[in-house]
1. Debye sum, Cα scatterers, the chain, no solvent: what log₁₀ I/I(0) at q = 0.06, 0.09 1/Å?
2. Are there any helices in the chain, counted as whole DSSP H runs, that stretch 18 Å or more along their axis by Cα and score at least -0.5 on average by Kyte-Doolittle, and if so which?
3. Which value at 222 nm does the chain reach when only helices count, each DSSP H run of 4 or more adding -39,500 (n - 2.57), with the total divided by all residues and rounded to the nearest 500 deg cm²/dmol?
4. State the extension gain, in nm to one decimal, for the chain segment bounded by Glu114 and Asp388, taking 0.36 nm per residue of separation less the distance between their alpha-carbons.
5. Please report, in debye to the nearest 20, how large the charge dipole of the chain is about its Cα centre when each Lys and Arg carries +1 at its beta carbon and each Asp and Glu carries -1 there.
6. Over its Cα atoms, what ratio of radius of gyration to 2.2 N^0.38 Å does the range 252-382 give?
7. Please compute the modelled spin-label separation between Asn154 and Glu136, points set 7 Å along Cα→Cβ, answer in nm with one decimal.
8. Checking the table Lys268/Lys432; Lys202/Lys385; Lys139/Lys435; Lys5/Lys262; Lys202/Lys342 against a 24 Å threshold on Cα-Cα, which pairs fail?
Amino acid sequence: MTRIKTSETINKIGETVLIKGWVNNRRNMGKIVFLDVRDRWGILQVVVVPSELDEASQSLIASVRPEFVLAIEGIVQKRGDKQINPDLATGTVELLAKKIEILSEAETPPFEIENEERQANEELRLKYRYLDLRHERMKNNLVLRDKVFAYLSNWLRANDFVEVQTPILSKSTPEGARDYLVPSRLHPGKFFALPQAPQQYKQLLMVAGMDRYFQIAPCFRDEDARADRSPGEFYQLDMEMSFVTQEDILNLVESMMTQMVKELFPEKKMTFEPWPRLDYEEVMKKYGSDKPDLRKNKDDKNELAFAWVVNFPLFMPQTDEDRFVGAGDTWGPAHNMFTMPKEEDIPLLDTDPGKARSYQHDLILNGFEVGGGAVRIHDMKLQEKIWDLIGFTDNQKEQFKHYFEAFKYGVPPHGGIAPGLERLLMVLLGEKNLKEVTAFPLTSDGRDPMMESPSIVAKEQLDELGIAVKK
Ligand code: ASP
């Protein structure tokens, strides 16, 4: 007999079926035992009456405990009106067990899977993440994550975008964070960097004529964690288009996101349609933040206040983090160093650079920045001027000689954006932390307690790489 999903039982009343899954819980009612059996599609109540079972099953039922993996053959029965459980998708039926097989036994798990209080202990949850993910909310989050990723990729493909995978073994890209370095065995003493974002590659793809690129791109940044910032890695919906204005980019993203929300989250409502374009300076004056929460009712978990913030300054006063961009000591790029200044503000670069505004755009949602992007500089002279203003040394410029080279061969005007997918999901799913929408996240201090990474490696491995670890 082929196994069916627990969710399918509601259409199989009176039929003999086979289900397989985990014991969610066990209730003994005298001779009768109730087992709630869980699979990826839900939970089904199984009624175990010893006299209905074959002999082999009768002898093992006493040993069955929560989280055992079972195969159960039985007859689907309609529940009486009073027995209907409105909290279960299969609450109108139950399975009368005829034959039970134990596929795998289970020890008592380190926390109760159903119990939300397990959330208090991040270490334990991540050490036993495979158990934590058995929780229905976590499982649903992963399923919805896949739905959102698939919707957005399909939408972009339907709108003529092509997904291109750019290298993971890459070179330092200046997005303002520390790089993760990967030593090269073939070139001892040299290192790859994991991409903080595929920024340069996507711009070079525009030079290549791959107008309308996207990628569900893993990005790696060695940063300290916050609830809305993952240590280590996260995914961006990285996009770039040629021959576009800023307004083209904003309109495209707005219609993609709006359709996605309507299709996948019909219970949500948007505060603004169309989304407002807010002036950076005005927003800062009014709210003291460049990502204000613009919901009309902040207690409404279904309200989504998407908005654009534009007219950002090109530069911000230098911060500590900018040193990873290799900048001087006055100006750091407000977004990144490839952002185009507004044409009318280009003269200010010579007189009052702090006043120059740019074609940066941030997508904000309920108090979070869920994406940033810009129209890019496509004129190398202007690019060099910006680099000089942020204090690039000749040595630093040397790191970009491929970029200089590429820009000699015909660059289309271009621009893009990269919504952060976990942050977007966190807001859409009403979660408070990015970890709730990531299958195997790192702890806040950047470790994986399950795999025990990062880990010490064998001396031979280091020798081969020509690396010695300082004590
Ligand atoms: N690469 C940028 C970032 O990671 C996004 C963009 O400008 O498209 O924020």
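1. Here the Debye-derived log intensity ratios amount to -0.37, -0.75.
2. Numbers: long enough: 136-158 (32 Å, -0.43); 246-264 (27 Å, 0.01).
Length and hydropathy pass: 136-158, 246-264.
3. Values: 13 runs with 115 residues, N = 471.
Using -39500 (n - 2.57) per qualifying helix, the result is -7000 deg cm²/dmol.
4. On the way: separation 274, 0.36 × 274 = 98.64 nm, distance 5.69 nm.
Full extension from Glu114 to Asp388 adds 92.9 nm.
5. Details: 62 positive and 76 negative charges, 211 e Å.
Using Cβ point charges on Lys, Arg, Asp and Glu, the chain gives about 1020 debye.
6. In units of the globular-protein estimate, the range 252-382 measures up at 1.20.
7. 2.6
8. Working: Lys268/Lys432 17 Å; Lys202/Lys385 22 Å; Lys139/Lys435 13 Å; Lys5/Lys262 28 Å; Lys202/Lys342 22 Å.
Check vs 24 Å cut-off fails for Lys5/Lys262.
A short reminder: the numbers here are calculations on the coordinates, not readings from a lab. Computed from a predicted structure; not experimentally measured. Every residue, glycine as well, gets a Cβ built from its backbone with ideal geometry; the counts of neighbours run over all protein chains shown.
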